[in-house]
Amino acid sequence: MSVEIKTIDTLLEERRTFPPTAEFQRRARVTDDSLYRAAEADPEGFWAEQARRYISWYKPFDRVLEWNLPFATWFGGGRMNVSYNCLDRHVEAGRGDKVAYHWEAEPLGETRTITYRDLLDEVCRFANALRALGVKKGDRVGIYMPMIPELPVAMLACARIGAPHSVVFGGFSAEAVRDRMNDAEAVLLITADEGWRRGNAVPLKRNVDEAVERAPSIRNVVVVRRTGNEVPMRERRDLWYHDVIHDQPTTCEPEQMESEDLLFTLYTSGTTAKPKGIKHTTAGYHLYTMFTHDYVFDIQPDTVYWCAADIGWVTGHSYIVYGPLGNGVTSVMYEGTPDYPNKDRWWSIIAKHGVTVLYCAPTAIRTFMKWGPEHPAQHDLSSLRLLGTVGEPINPEAWIWYREHIGGNRTPVVDTWWQTETGGIMIAPLPGVTTLKPGSATKPLPGISAAVVDEQGQIIKVGGGYAALLKPWPGMLRGIWGDDERYKQTYWARFGDKYFAGDGARIDDDGDFWFMGRVDDVMNVAGHRISTTEVESALVDHPAVAEAAVVAKSDAETGQAISAFVTLRGGYDESTELIVELRGHVAKLIGPIARPKWIAFTPDLPKTRSGKIMRRLLRDIAENRQLGDTTTLADAGIVADLQRRSQEEQDKEA
Ligand code: PRX
């Protein structure tokens, strides 16, 4: 089945809309615009009220917002602990037996049911162990783990003792781990022997060994036994998780954290080769994840919620760990891939646990479309009452397919736009209130002020431009680790008093947002952000490569795919083997998700007379489009040759 992507203009013409159904509204938490109105009338008062409702404070805050553009302080004077808010207070309220996670391993038949009390006990034991290893409040801790329950345990243990964590996605390379540990000067790294992925063991501990060799700040590595296969353990430096928690008690006094103490950093790709450590702090972030999770997913006491992201990305931080646990919700957590052992794995999990809310990425939906509706059709999915998407624009066909084949033509689909930097969902429907339009993330949430602006930062009422955020919000990033200047330059230099999101967007005459993808040198591959320059520097790191230019090419399954143009050094010959090697080299330096799908060799790259690579032309070539303006090209002969080569490469692949 091929997936056709309709243009937004066709969609705007078609105007297919889905108002909330009476059946959904009957149980919905909100069905009118009261929240929007309250937030609009008094934004700070609104957030103060939410902060009192959602957070259990050790000491109440005495200020709501201090805004020193672009630096925000939320809930100043307040003290709280995020792990207390995720665990202890639910247990203290008598909900200790409620399931926090139904964990499904990738190998069939292996499951764990973890209640809030179980989770609290385990977090306390590990928090004590970390303290015993000398980890203090303010120390940074690295986490590089598969999707196993010890991953949220590790994060919450860090939060409990006030040690900011820095989770590195388990699919990233040793080099990526090392760079992030060095940037954060982390003192300890938590990992597993290996992880399971599509039946194969991923060598996490071995990657860590390679990483830590040149990460001098790491004193200890704590290793969770997952696959049980043998891995090398360095005496004194490396410790088994089960050993360090063995004698620890199941109580541990949480650190009383200031509202603005750092909770974590999470690295994300920007427009340079060096990823940025996005900083999120304690109270504002936690409030914002709970608030948005609660309302966007219409959380009910009997909700069984499943966010199918990986915790290594911000979606998992906010909507597998901090939001759902803060709200005391029962979640499903799954370790593996959707096609292991069969292509119906997700649907069997939904039927087994009676999942009511599913949150996943459009790229997954397009893959399911390709696999065919017969896989979900084998299972009873009638427990589902709400579906969500995140990570990239969703094409309307995929939206409709998702609602029809997964949601039984019944459920709302909430398309949620946000970023690592925003901490939580910014633009999305409230499912009991908003009229849905396939392909549109609809409107800013209550308390959020967003607009589409032109090149000068002027607000556009109807039409296309750049997505911008107009007011600070509690979940916003507090900066980039160690680089305030880059923070100002990246997000605030463009429009001054408005946050520049890096996304193109259109706004229609109902005020609904249609996101169009990145406008900077950042690609979005299967919902993952990858910078073109990062991939370019990985390519030129290879001895055969003299120069490389990378652009995104649209792809029916992954949204965008990485397309590279490579000039070789003298003495190296173009060959299919070299293409394979270069792909592998990028995967080794960054991780498999950054592996270019297309590589075309070229004796030269198209450049302007001043030597700037003309990416716009490369994008046209990659997409097999008519070339745009070529008058500024230094050497016009190059592009015809490139077009031919790029076409040949694509024919070969097809
Ligand atoms: O381009 C937007 C796209 O993903 C980017 C943020 O990526 P990241 O920080 O990795 O976070 C992903 C998960 C929140 C955005 O700048 N994006 C995210 N959600 C959507 C989206 N594009 C269109 N529609 C969405 N719903």
Within the P(r) computed for the chain, what percentage of the Cα pairs occupies the region above 35 Å?
40 percent
Computed FRET value (nearest 0.05) for T272 with D651, which takes r as the C-beta separation and R₀ as 30 Å
0.30
Distance between region 415-467 and region 535-556 - C-alpha centres, whole angstrom
32 Å
Charge dipole (region 521-630, unit charges on Cβ, about Cα centre) - positive-most of W598, I613, V540:
I613
Taking the number of other C-beta atoms within 10 Å as the exposure measure, put L156, L87 in order starting with the fewest.
L156, L87
Are there cysteines in the chain with no second cysteine's Cβ under 4.7 Å away, and if so, which?
C86, C158, C307, C360
Looking at W492, G504, S554, which one has the Cα that reaches farthest to the positive end of the dipole of the chain (charges on Cβ: Lys, Arg +1; Asp, Glu -1)?
W492
Which FRET efficiency value, to the nearest 0.05, is calculated for Q300 and D635 with the Förster distance at 51 angstrom and r the Cβ-Cβ distance?
0.20
Once amide H atoms are placed 1.01 Å from N in the peptide plane, what residues at a sequence separation of 5 or more from I460, or on another chain, have their amide H within under 5 Å of its amide H?
V452, V453, D454
MRE, 222 nm, helices only [DSSP H, n ≥ 4, -39500 (n - 2.57), over the chain, to nearest 500]:
-8500 deg cm²/dmol
Applying the Karplus parametrisation 6.51 cos²θ - 1.76 cosθ + 1.60 with θ = phi - 60° to the phi angles of region 457-469, what ³J(HN,Hα) value in whole Hz is obtained for each residue in order, glycine and proline being reported as x?
x, 7, 5, 9, 6, 9, x, x, x, 10, 6, 9, 10
Amide H of A192: which non-local residues (sequence gap of 5 or more, or other chain) have their own amide H closer than 5 Å, using H built in the peptide plane?
K205, V224
About the Cα centre, and with charges only on the beta carbon of Lys, Arg (+1) and Asp, Glu (-1), how big is the dipole of region 428-587? Nearest 20 debye, please.
740 debye
Set the Förster radius R0 to 35 Å, insert the Cβ-Cβ distance between H246 and S383 as r into 1/(1 + (r/R0)^6), and round the FRET efficiency to 0.05.
0.35
Among the listed pairs K136/K205; K437/K597; K352/K437; K274/K612, give every one whose C-alpha distance is greater than 22 Å.
K136/K205; K437/K597; K352/K437
Surrounding net charge for S83, when Lys and Arg each add one and Asp and Glu each subtract one, Cβ distance under 12 Å
-2
Which ³J(HN,Hα) values in Hz, rounded to whole numbers, follow from the phi angles of region 139-146 under the Karplus curve 6.51 cos²θ - 1.76 cosθ + 1.60, where θ = phi - 60° and Gly and Pro get x?
5, 8, 10, x, 9, 9, 9, x
Just to be sure I understand the rule: take each whole DSSP H helix in the chain, project its Cα atoms onto its long axis, keep it if the span is 18 Å or more and its mean Kyte-Doolittle hydropathy is at least 0.0. Which ones pass?
576-589
Given W399, L470, L436, which one lies farthest toward the positive end of the charge dipole of region 334-477, if we put +1 on the Cβ of every Lys and Arg and -1 on the Cβ of every Asp and Glu?
L436
Treating only the Cβ atoms of Lys and Arg (+1) and Asp and Glu (-1) as charged, compute the dipole magnitude of region 526-653 about its Cα centre; round to the nearest 20 debye.
420 debye
What ranking do F61, F565, F513 get, fewest neighbouring Cβ atoms within 10 angstrom at the top?
F61, F513, F565
Links that overshoot a 19 Å alpha carbon limit, given the list K279/K443; K137/K279; K498/K553; K553/K652; K443/K471:
K279/K443; K498/K553
Collect residues whose amide H, placed 1.01 Å from N in the peptide plane, falls under 5 Å from the amide H of G336; neighbours closer than 5 in sequence don't count.
E106
Treating only the Cβ atoms of Lys and Arg (+1) and Asp and Glu (-1) as charged, compute the dipole magnitude of the chain about its Cα centre; round to the nearest 20 debye.
680 debye
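Where a number appears in this text, it was derived from the coordinates with a stated rule and is not lab data. What you see is a predicted model; the values in this text were computed from it and never measured. Every residue, glycine as well, gets a Cβ built from its backbone with ideal geometry; the counts of neighbours run over all protein chains shown.
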